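*Asks:* Could you have a look at this structure, given as structure tokens, before my questions?
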Amino acid sequence: MVMCRCGRQTGIKTSWTDINPGRQFYTCVQLRSRCKFFAWIDPPMCPRSVQVIRGLMDTKVVLENEVKFLREEVRMYKEQVAEMENKNPRVVLNRDTCLIICWILFFFCPYLYLSLAVFKFMQLM
Ligand SMILES: [Zn+2]
């Protein structure tokens, strides 16, 4: 536990500057504090590490922008689908509707069969 000049426990933050990307440091947690306490936790990085982290951060920004763009595109397509469904509501056969149709057919088929049998029997007489 590292204590600040103003007597409080310090907080841990991460630097995202070009020189120290991803490097953690202790700082004063008091908002608008005058003590301005600052101490590095991590040792300085080698230039290659800094270069790799910067490259990863650039890639992250590119991917985040792509995600934002694709989310916007998905939102637009969903709006188009909703608009099309409003114009042409489709008949949705859900599970309950299918079950009801099956029951109707189940009771109707024997009735039809018996009716035809009676009809043929009446023709023979
Ligand atoms: Zn402080």
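All of the numbers you see were taken from the coordinates with simple rules; none came from a lab. Every value quoted in this text rests on a predicted model; they were computed, and no experiment measured them. All Cβ positions, even for glycine, are placed from backbone atoms using ideal geometry, and neighbour counts span all protein chains on display.
*Asks:* Those residues that are free of Cβ contacts under 8 Å to residues at least 24 places away in the same chain and within 9 Å of the ligand (Cβ to nearest atom), I need them from segment 4-20; list them, please.
*Replies:* Listed by number, the residues that qualify are Gly7, Arg8.
*Asks:* Considering segment 7-51 alone, what residues qualify as being of a type in the set (Val, Ile, Thr) and more than 21 Å from Val61 (Cβ to Cβ)?
*Replies:* Listed by number, the residues that qualify are Thr10, Ile12, Thr27, Val29, Ile41.
*Asks:* Right, here's the next one. Taking segment 21-33 on its own, how many of its residues are surrounded by fewer than 17 Cβ atoms within 10 Å (Cβ to Cβ) and within 8 Å of the ligand (Cβ to nearest atom)?
*Replies:* The qualifying residues number 3.
*Asks:* Under 31 Å from the mean Cα position of the chain (by Cα), free of Cβ contacts under 8 Å to residues at least 24 places away in the same chain and surrounded by fewer than 10 Cβ atoms within 10 Å (Cβ to Cβ): does that describe Asp58?
*Replies:* For Asp58, the condition - under 31 Å from the mean Cα position of the chain (by Cα), free of Cβ contacts under 8 Å to residues at least 24 places away in the same chain and surrounded by fewer than 10 Cβ atoms within 10 Å (Cβ to Cβ) - is not met.
*Asks:* Quick one: in segment 34-51, of everything that is farther than 16 Å from Gly7 by Cβ and surrounded by fewer than 10 Cβ atoms within 10 Å (Cβ to Cβ), which residue is farthest from the ligand (Cβ to nearest atom)?
*Replies:* Residue satisfying both the conditions and the ranking: Arg48.
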